[in-house]
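Only one structure is covered here, and it is reproduced in the block below.
The values are calculated or read from the model by the stated rules, or taken from the named source; none is laboratory data. Quantities reported herein were computed from a predicted structural model and do not represent experimental measurements. Glycine gets a Cβ as well: all are built from the backbone with ideal geometry, and neighbour counts include every protein chain shown.
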Amino acid sequence: MDFSGDVKQAIPRPAVAFGGVGSAGPSPLLRGWREFRRSGAPVRFLCFEGGAWADVVGEAAVPLRRAFLDGRVVAEAAYGGREFLFDFLRMVRIDAGTAQEGSDESSDTVESGRVSKAARGAWGRAVRLEETDKFYQVVKKLFLSGIAPRVGGGVAITAVHKVAQGPRCRAFQQQGQLLAAARGADGGNAKFAWYGAPSADVAAAVEHGFGRTNSRVLGHRAHGDGVHLSPPQSPYASAMLANADENGEAHIVLCRVLMGRPEAIPAGSSQLHPSSDDYDSAVDNMQNPQWYVVWSKDMNTRILPEYVVSFKCPSLHQMQGSSGATSALKKPSPVARDMFPTLLAEIQRFVPSSKLETLQGTYNRFKKGQMKKDQFIRFLRAFIGDRVLTAVAKKLRGY
C-alpha cells in the first residue's frame, strides 16, 4: 500500500464484509432494521454485477417496492431469468436455486413527498464516526493539514463517515491482484486519494458506485475524461470541485485507488481510455502528480471510497468563482504560435512515430486557443522529458 504520513500507521486495509458494515456500534442486523424502518419509498433497486451497480428493471421491481412499503424485510422476485429472495435488512440478494448470496442496494431518494434517509443527511450504510475515534482523528488531521493553509483557516469538519465495504471491496481486491500480475507488485499497490464532485455525485458514488466522471467540473483543466482524484496531501484540489448545499456543507471522499501503470495526459485532453495496452490510468505529471485519473471503464473497480468528510468553508464558494475566472483560456499570441512549429519540428526527431499523433493533436488544441501556453509547455515536459526539451531549446537558440 502507498500511503502518506500518519495514514500508513492509522488506517488499516479494511476486512472484506459480506453485506454488513463492520463491527463498530450496533450489530449489522439491528442497524439494518433501524434504517429499514426509517427509510422512505425506494425509487430504484440495484444489484452489484460484473464490478458495477445495475438496476433491477421490469416486473421484478414492482413486488420489491410493494414488499418494502408493506414493511416486509424479505421479498421474492424473478430477475434475469432466475428466482431470488431479496433481504432488505442485510441488503443481499439470494439465488433461490443455488442459495448463493450477492449484494443489493435500494436507492433512497425523495419520491411522492416522502423523505428518505439520504435527505436526512445519512450516507447510506456508512457509519458516522465519533470525534474521539482514532480514524476520525487521522482523517481530520490529513484533511485539515492539506486544506487549511490554502483557505487561510475558516474551515471546519462537520462529520466523518466510514463507508461500508462489501462487493465493491472484493472487486477492488481482485483488480489489485490482476494489476500486480500484469504490472508487478507496485502495479497492484493502492494509494490514498481524495475525490471531489457536486454533492449529488458524491452521494451516488458512496452509496451505489460512480455513475459519471468529475472531469466536466474541471472543464478545460481536466486531464482526459476520467475520475480525477488528488493526492492525500492535497485535499484542496478536490474540495474545489465540491459544492456546498443549502446548509453551507460540502463533502469529499478519501478513497483508495489502483493506478497500475499511469501515463501523463495534458490538461485539455479529450482522451477517454489508455493510449495503449501499456497503460492503465493517467496523471498530470509523472514526477510530481497533482491529479490521479481513473478511466470511466475502471472507476467502479479501481476506486474504493473509504471515508466521507463533510465540512464547511465560507470562503470556498468565493475561491471557486475566482478560480474559474482566472482559468479562462485565451488564444496564444502570434509570437507563441510562430515559435512552437519550429520547436515541434525539432522535437519530432526524438518522438516515436506511435506518439506523433498525440503530439500533433495537443499542439492543434493549443493553436486553437483550447489550451493555455503554460499547460502546453507542461504537456511537452511530461511527454518528452525536461532533458530532451532543454536540449532542443538550446539548439534552437544556437548554444
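Some points to look at:
- Screening A171, A181 for residues that are in a helix (DSSP H, G or I), farther than 27 Å from A267 by Cβ and without any contact (Cβ under 8 Å) to a residue 40 or more places away in the chain leaves exactly one candidate, A181.
- Any hit, region 177-185, residues being polar (S, T, N, Q) and in contact with a helix residue (DSSP H, G or I) (Cβ under 7 Å, 6 or more places away or on another chain): yes
- Residue match in region 125-147 (condition: under 28 Å from S310 (Cβ atoms), modelled with pLDDT under 75, surrounded by 13 or more Cβ atoms within 10 Å (Cβ to Cβ) and out of contact with any Asp or Glu (no Cβ under 6 Å at 6 or more places or on another chain)): yes
- Scan of region 270-297 for residues that are in contact with a Leu (Cβ under 8 Å, 6 or more places away or on another chain) and assigned to a helix (DSSP H, G or I), ordered by number: S296
- Residue that is nearest to P289 (Cα to Cα) [pool: residues in region 348-399 that are in a helix (DSSP H, G or I) and of a type in the set (G, A, S)]: A382
- Hey, S215 buried (at least 24 other Cβ atoms within 10 Å of the Cβ), under 30 Å from K368 (Cβ atoms) and polar (S, T, N, Q) or not: no
- Summed over region 81-102, the residues that are modelled with pLDDT of 70 or more, among the small types (G, A, S) and touching a strand residue (DSSP E or B) at 6+ places or on another chain (Cβ under 6 Å) give a count of 1.
- Across region 207-233, the number of residues qualifying as over 18 Å from V308 (Cβ atoms) and of a type outside the set (V, I, T) comes to 14.
- The number of residues in region 250-292 being crowded, with 17+ Cβ neighbours inside 10 Å and either touching a residue at least 60 places away in the same chain (Cβ under 8 Å) or touching a helix residue (DSSP H, G or I) at 6+ places or on another chain (Cβ under 7 Å) (or both) comes to 21.
- Flag for N189 being in the same structural domain as F143 (by TED's automatic domain parsing), among the polar types (S, T, N, Q) and crowded, with 19+ Cβ neighbours inside 10 Å: no
- Screening A164, A193, A159 for residues that are modelled with pLDDT under 85, within 21 Å of Q137 (Cβ to Cβ) and either assigned to a helix (DSSP H, G or I) or among the hydrophobic types (A, V, I, L, M, F, W, C) (or both) leaves exactly one candidate, A164.
- Boolean, A197 is under 12 Å from the mean Cα position of the chain (by Cα) and touching a residue at least 12 places away in the same chain (Cβ under 8 Å): yes
- Residue that is farthest from R302 (Cα to Cα) [pool: residues in region 201-234 that are part of a helix (DSSP H, G or I) and among the β-branched types (V, I, T)]: V217
- Selected residue [part of a loop (DSSP other than H, G, I, E, B) and under 18 Å from S315 (Cβ atoms)] from A244, A237, A250: A244
- Here A250 does not qualify as under 14 Å from the mean Cα position of the chain (by Cα) and more than 17 Å from I303 (Cβ to Cβ).
- Filter pass, E105 being modelled with pLDDT of 85 or more and either outside any strand (DSSP E or B) or within 30 Å of V56 (Cβ to Cβ) (or both): no
- Residue in region 158-173 that is loosely packed, with under 15 Cβ neighbours inside 10 Å, within 20 Å of S310 (Cβ to Cβ) and not basic (K, R) present: yes
- In region 343-391, of all residues being modelled with pLDDT of 75 or more and among the β-branched types (V, I, T), the one that is nearest to M286 (Cα to Cα) corresponds to I384.
- Residue selected from region 253-269 under the condition among the hydrophobic types (A, V, I, L, M, F, W, C) and assigned to a loop (DSSP other than H, G, I, E, B), by the criterion modelled with the highest pLDDT: M259
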